[in-house]
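Scroll down for the structure; my scribbles are underneath it.
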Amino acid sequence: MTPAYLQAQGLEVAFGGLRALQDCSFTVDKGRITCLVGPNGAGKTTIFNAITGFLKPQEGSVSFKGRVLDGLKPQDIVAAGIARSFQNLRLFQDLTALDNVLVALPNMAGEDPLGAIFRPLHAARALKQRRDEGREILAHVGLADKADIFVRNLSYGEQKLLTIARLLATGAELLLLDEPASGLSAGALEAVMVLLRRLQSEGKTLLVVEHNTRVVQKIADDVLFLHQGHLMAQGTPERIISDPALAEIYFGGAI
Amino acid sequence: MDFLYSYIALAEVYVLLGLSTNLLVGIAGIFTVSQAAVFGVGAYIVAYCLMHEIVGFVPALLLASACCVVLNVLVTLPSLRVSGDYFVVTSFGIQLMATAIFINWTGGTGGANGLPGIPPPDLFGFPLESNELLVLLTTAGTGFGCLAFWLIMRAPFGRLLRAIREDELAVAAAGKGVLRAKVSAAALAGAFAGSAGGLYATFLSFVDPSSFDLDASILLLTMVVVGGARTLPGSILGPFLLLALPQALAFIDIPTSIAASARQLIYGLLLIAFMLFRPQGLAGEKL
């Protein structure tokens, strides 16, 4: 049997007495959009943190394309091909949109002081090329004309698109998106959904935390239902949404 | 004319130091109050080497820079563990320790008396004895420092440092090593402070601990704040302005007995005023 594309096995994360993840296991298939749903506090963002090296699970293991990721630093996991966004965006407010993208481009010449001081021409030439690359990525998410605008002057919807551009810049093939559609107007929401579908058609695999069930129905190929740090169910959106027990949990029932 | 030369040379040394402080405080967000200690180590190393005729000026300056690179990395290492406010206290402790060593290690530093009679620097055997040549030397050194700073700020490394100052987690999520970049910034700041020390020692031909104490560190921070954080013009303006200030004050009729404390008072007021009314300094960005 070939190993799963992304596999989490028996993840355990506790913050003091709170068990944020309990024996949490799931798989993500290559080339699909998988939505991670569940009530507040179910552990969705904790899963992102555990996969991307931002926190070390006490138990359990994550592997990607057969490679075990446990103990790797966040930047090593990005290099392995997994990048994540943040629910609160965490863009660099004092940089331009283009610079936000450029920070995430890998293998940048002149990103060490010696290269910057002693090979300035080489760094400048390389930078010119990378700028074009950055502009292409911005154009790809629909921010072509915003390249030189400071993040703090972008609208919220544009900032959300920029977080996706920054993810794309890393070159990662598995993108973990934390609520890419929350807080958006109807038009912006539609644009994000179209963009996610397009990224999928270009070969990216997406794991998306999403609250809006209409969005989930529209974009998800697969749904992971998380409750109290445990994976309750995995299946197609139709199956998950029509399950009365899950709906009970999700829409305010007690368990 | 001598006064003008020493003013220019001293201001240039402080420009180099200001760039060092700016790299750490303004750009990488490592708030240190111990840059004068690193400056001092550079000065003492060059002074000691020249007085005991161990090596010539250029190798001594390189040695001082190298030692200060290592020292500054060690000194800023705590900033990678303790953040923000806590690091200020740590670095304050480092500054006090350094002053204690400068004063008490009489064998190496001459103690409170300092090291007088440092021989003039030489460039590959050619001694630079006149004031003109010495100013030329500090100008060349500081010029190179400014060029390096300018190159860094427009290179991807500068952007990475700015990003780190804003959000370390986001930088890690973008796949970049935060630790490595911070250590690089600290190393570079150490090289700047070390060479500033070497230039200082040879220009004055005398060093003593009072030039490298907490007051000096604070003066340095004042220069960065008043001039303006994170920009080259700011780093140049600050020292030239603040070093001219005592001379300007000399035109006001204050008794010499209180001149020193009046100066401290004015620096204090300046810091408060700038923080309140112009946090970006004269030609900089908001700290």
Per-residue average of Cβ from other chains inside 10 Å of A:105-112 = 6
Per the helix-only calculation at 222 nm, which mean residue ellipticity applies to the protein assembly as shown, given -39500 (n - 2.57) for every DSSP H run of n ≥ 4 and division by its residues, nearest 500 deg cm²/dmol?
-> -18500 deg cm²/dmol
Hey, fewest Cβ within 10 Å first, where do A:152, A:130, A:19, A:166 land in order?
-> A:152, A:19, A:130, A:166
Choose one answer from B:268, B:175, B:18: the residue with the largest mean-square fluctuation in a GNM of chain B with alpha-carbon springs under 10 Å.
-> B:175
Lys/Arg +1, Asp/Glu -1 at C-beta; the protein assembly as shown dipole; positive extreme among A:87, B:86, B:58 | A:87
Using alpha carbons only: equivalent-ellipsoid semi-axes of the protein assembly as shown, gyration tensor based, whole Å = 55, 23, 22
Most fluctuating of A:53, A:41, A:134 in the GNM of chain A (C-alpha, under 10 Å) is A:41
Listed with the fewest Cβ neighbours within 10 Å leading, B:103, B:236 appear as B:103, B:236
Mean Kyte-Doolittle of at least 0.0 plus a Cα span of 30 Å or more along the axis: flag which DSSP H helices in chain A meet both, please.
-> none
Label-to-label distance, nm, for residues given as residue B:241 and residue B:276 (7 Å Cα→Cβ offset) | 1.7
May I ask you to compute the full-extension gain from residue A:243 to residue A:139, defined as 0.36 nm times their residue separation minus their alpha-carbon distance, rounded to one decimal in nm?
-> 33.4 nm
What residue among B:144, B:39, B:277 shows peak mean-square fluctuation when chain B is described by a Gaussian network model with Cα springs under 10 Å?
-> B:277
If you count, for every residue in A:86-92, the Cβ atoms of partner chains within 10 Å of its Cβ, what is the mean?
-> 4
Which whole number gives the average, over all residues in B:142-155, of C-beta atoms from other chains lying within 10 Å of the residue C-beta?
-> 4
Would you mind ranking B:213, A:243, A:76 so that the residue whose beta carbon has the fewest other beta carbons within 10 Å leads the list?
-> A:76, A:243, B:213
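Since every read-out is calculated from the coordinates, none of them should be taken as a lab result. The model shown is predicted, which means the values in this text are computed figures rather than measured ones. Backbone-built Cβ (ideal geometry, glycine too); neighbour counts: all protein chains shown.
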